[in-house]
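Structure provided below as C-alpha coordinates; questions to follow.
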Amino acid sequence: RLHTLLTGIGATKLLALSFYPMKSCARERIVVVPPLLRREVLDLQATEGDYILGYMLNQGFENEVRRWHDAHPDVRLHFFWDKRDAPAELRVDDTLTLHRIDDEQFLHYMAGCRGYITTAGFESVCEALYLNKPVMLIPAHLE
(Lines give C-alpha, C1' and ligand atoms only; values in the text may rest on other atoms or scores of the structure.)
Protein backbone atom coordinates (compact mmCIF):
# COMPACT_ATOMS: atom_id res chain seq x y z
CA ARG A 1 0.00 0.00 0.00
CA LEU A 2 2.83 2.38 0.81
CA HIS A 3 4.44 1.70 -2.58
CA THR A 4 1.15 2.44 -4.35
CA LEU A 5 0.62 5.57 -2.28
CA LEU A 6 4.10 6.91 -3.05
CA THR A 7 3.98 6.20 -6.77
CA GLY A 8 0.54 7.81 -7.06
CA ILE A 9 1.39 11.15 -5.47
CA GLY A 10 0.06 13.90 -7.69
CA ALA A 11 -1.95 11.56 -9.93
CA THR A 12 -5.48 12.63 -10.81
CA LYS A 13 -6.48 8.98 -11.37
CA LEU A 14 -5.13 5.68 -10.13
CA LEU A 15 -5.64 2.84 -12.59
CA ALA A 16 -6.34 -0.52 -11.02
CA LEU A 17 -5.91 -3.49 -13.34
CA SER A 18 -8.42 -6.25 -12.67
CA PHE A 19 -9.22 -9.63 -14.21
CA TYR A 20 -12.88 -9.10 -13.26
CA PRO A 21 -15.31 -6.19 -13.67
CA MET A 22 -15.32 -4.09 -10.51
CA LYS A 23 -16.71 -0.69 -9.58
CA SER A 24 -14.36 2.26 -9.66
CA CYS A 25 -14.04 4.38 -6.54
CA ALA A 26 -14.27 8.07 -7.50
CA ARG A 27 -13.71 9.23 -3.91
CA GLU A 28 -10.29 7.49 -3.91
CA ARG A 29 -9.59 8.45 -7.59
CA ILE A 30 -9.42 4.71 -8.45
CA VAL A 31 -10.51 3.68 -11.94
CA VAL A 32 -10.74 -0.06 -12.58
CA VAL A 33 -9.57 -1.10 -16.04
CA PRO A 34 -9.31 -4.50 -17.74
CA PRO A 35 -5.95 -6.10 -18.56
CA LEU A 36 -4.04 -4.53 -21.41
CA LEU A 37 -3.21 -7.04 -24.14
CA ARG A 38 -0.68 -6.61 -26.92
CA ARG A 39 -2.19 -6.69 -30.40
CA GLU A 40 0.00 -9.72 -31.17
CA VAL A 41 -1.84 -11.71 -28.49
CA LEU A 42 -5.22 -10.93 -30.02
CA ASP A 43 -4.03 -12.43 -33.32
CA LEU A 44 -2.84 -15.74 -31.80
CA GLN A 45 -4.57 -19.06 -32.38
CA ALA A 46 -4.36 -21.09 -29.18
CA THR A 47 -3.73 -24.82 -29.34
CA GLU A 48 -3.16 -27.35 -26.58
CA GLY A 49 0.40 -28.54 -26.84
CA ASP A 50 2.27 -31.15 -24.86
CA TYR A 51 4.47 -28.84 -22.78
CA ILE A 52 4.33 -26.50 -19.83
CA LEU A 53 5.52 -22.96 -20.47
CA GLY A 54 7.25 -21.11 -17.67
CA TYR A 55 8.76 -17.74 -16.93
CA MET A 56 11.36 -17.23 -14.19
CA LEU A 57 11.63 -13.78 -12.70
CA ASN A 58 15.36 -14.31 -12.35
CA GLN A 59 17.93 -16.97 -13.01
CA GLY A 60 18.05 -17.83 -9.30
CA PHE A 61 15.06 -20.11 -9.79
CA GLU A 62 16.93 -22.29 -12.28
CA ASN A 63 17.99 -24.79 -9.59
CA GLU A 64 14.41 -25.23 -8.42
CA VAL A 65 13.17 -25.79 -11.97
CA ARG A 66 15.92 -28.34 -12.59
CA ARG A 67 15.13 -30.17 -9.32
CA TRP A 68 11.46 -30.38 -10.26
CA HIS A 69 12.43 -31.51 -13.75
CA ASP A 70 14.69 -34.24 -12.32
CA ALA A 71 11.71 -35.56 -10.36
CA HIS A 72 9.37 -35.33 -13.39
CA PRO A 73 11.57 -35.96 -16.45
CA ASP A 74 8.61 -37.02 -18.60
CA VAL A 75 7.00 -33.54 -18.47
CA ARG A 76 8.12 -31.29 -21.32
CA LEU A 77 9.11 -27.82 -20.12
CA HIS A 78 9.99 -24.63 -21.95
CA PHE A 79 11.10 -21.87 -19.56
CA PHE A 80 12.00 -18.29 -20.36
CA TRP A 81 14.48 -16.47 -18.13
CA ASP A 82 16.55 -13.31 -17.94
CA LYS A 83 20.03 -14.83 -17.91
CA ARG A 84 21.90 -12.46 -20.25
CA ASP A 85 24.96 -14.62 -20.83
CA ALA A 86 22.93 -17.74 -21.65
CA PRO A 87 22.50 -18.89 -25.24
CA ALA A 88 19.22 -17.94 -26.90
CA GLU A 89 18.13 -21.55 -26.42
CA LEU A 90 19.69 -23.91 -23.90
CA ARG A 91 18.45 -27.45 -24.45
CA VAL A 92 19.16 -29.22 -21.17
CA ASP A 93 17.76 -32.55 -22.39
CA ASP A 94 14.85 -33.91 -24.45
CA THR A 95 12.19 -32.39 -22.18
CA LEU A 96 13.71 -29.22 -20.69
CA THR A 97 14.65 -26.18 -22.72
CA LEU A 98 15.58 -22.77 -21.31
CA HIS A 99 15.04 -19.74 -23.53
CA ARG A 100 16.45 -16.26 -23.12
CA ILE A 101 13.65 -13.67 -23.06
CA ASP A 102 12.26 -12.98 -26.54
CA ASP A 103 8.77 -11.41 -26.90
CA GLU A 104 7.81 -13.04 -30.18
CA GLN A 105 9.10 -16.48 -29.30
CA PHE A 106 7.44 -16.31 -25.88
CA LEU A 107 4.05 -15.63 -27.48
CA HIS A 108 4.58 -18.52 -29.91
CA TYR A 109 5.17 -20.87 -26.98
CA MET A 110 2.28 -19.34 -25.02
CA ALA A 111 -0.16 -20.06 -27.84
CA GLY A 112 0.84 -23.73 -27.95
CA CYS A 113 1.38 -24.65 -24.30
CA ARG A 114 -0.90 -26.81 -22.19
CA GLY A 115 -0.36 -24.59 -19.14
CA TYR A 116 1.67 -21.65 -17.86
CA ILE A 117 3.65 -21.24 -14.64
CA THR A 118 5.25 -17.98 -13.61
CA THR A 119 6.88 -16.01 -10.83
CA ALA A 120 6.12 -12.61 -12.32
CA GLY A 121 4.13 -10.37 -14.57
CA PHE A 122 0.49 -9.40 -14.66
CA GLU A 123 0.68 -9.08 -18.44
CA SER A 124 1.77 -12.64 -19.18
CA VAL A 125 -0.87 -13.99 -16.79
CA CYS A 126 -3.51 -11.97 -18.65
CA GLU A 127 -2.20 -13.29 -21.95
CA ALA A 128 -2.42 -16.87 -20.70
CA LEU A 129 -5.96 -16.38 -19.42
CA TYR A 130 -7.01 -14.71 -22.68
CA LEU A 131 -5.73 -17.81 -24.50
CA ASN A 132 -7.63 -20.02 -22.03
CA LYS A 133 -4.47 -21.56 -20.56
CA PRO A 134 -4.36 -22.90 -17.00
CA VAL A 135 -2.03 -20.74 -14.91
CA MET A 136 0.02 -21.42 -11.79
CA LEU A 137 1.37 -18.34 -10.01
CA ILE A 138 4.32 -18.32 -7.63
CA PRO A 139 4.48 -14.83 -6.10
CA ALA A 140 8.09 -13.68 -5.82
CA HIS A 141 7.92 -9.86 -5.74
CA LEU A 142 5.76 -6.85 -4.99
CA GLU A 143 3.67 -6.90 -8.16
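The values are calculated or read from the model by the stated rules, or taken from the named source; none is laboratory data. Just so you know, these numbers come straight off a predicted model, no measurement behind them. Surface areas here come from the heavy atoms of the whole protein model, side chains and all, with no ligands, DNA or RNA. Shrake-Rupley method; radii C 1.70, N 1.55, O 1.52, S 1.80 Å.
Please list the non-local residues whose amide H lies under 5 Å from the amide H of L15, H modeled 1.01 Å from N, same-chain partners needing a gap of 5 or more.
V31
While we're on this one: Measure out, as a whole number of angstrom, how far apart the alpha-carbon centroids of region 68-96 and region 1-33 sit.
38
Next up: Apply the Karplus curve 6.51 cos²θ - 1.76 cosθ + 1.60, θ = phi - 60°, to the phi angles in region 80-89 and return the couplings in whole Hz, x for Gly and Pro.
Karplus values, whole Hz, x for Gly and Pro: 9, 8, 9, 6, 5, 8, 7, x, 4, 9.
Also: At 222 nm, what helix-only mean residue ellipticity would the chain give, in deg cm²/dmol to the nearest 500, using -39500 (n - 2.57) for each DSSP H run of four or more? Walk me through the numbers before you get to the answer.
On the way: 5 runs with 39 residues, N = 143.
Mean residue ellipticity, 222 nm, calculated: -7000 deg cm²/dmol.
Leaving ligands, DNA and RNA out of it, report the carbon-plus-sulfur percent of the accessible area of the chain at a 1.4 Å probe. Spell out each step's value before the answer.
Details: 5360 of 9770 Å².
Of all accessible area on the chain, carbon and sulfur atoms account for 55 percent.
May I pose another question? Work out from phi, with θ = phi - 60° and the Karplus expression 6.51 cos²θ - 1.76 cosθ + 1.60, the ³J(HN,Hα) of each residue of region 9-16, listed in order in whole Hz, and give x for Gly and Pro.
4, x, 6, 7, 9, 10, 8, 10
For region 50-108, what is the convex hull volume of its Cα atoms per residue in Å³? Each step should come with its number before you reach the end.
Values: hull volume 4.5 nm³, N = 59.
Hull volume over Cα atoms, normalised by residue count, gives 77 Å³.
Hey, what's region 1-121 come to in accessible area per residue, 1.4 Å probe, Å²? The partial results should precede the final answer.
Working: 8310 Å² over 121 residues.
Each residue of region 1-121 exposes 69 Å² on average to a 1.4 Å probe.
Taking only Cα atoms, what is the 0 to 90° angle, nearest 10, from helix 103-112's long axis to the longest principal axis of the chain?
Value to nearest ten degrees: 70.
Give the lysines whose C-alpha is closer than 19 Å to that of K23, dropping any in the same chain fewer than 8 places away, or say none.
Straight-distance partners of K23: K13.
Where q = 0.19 Å⁻¹, what log10 of I(q)/I(0) comes from the Debye formula for the chain, counting one point per Cα?
-1.14
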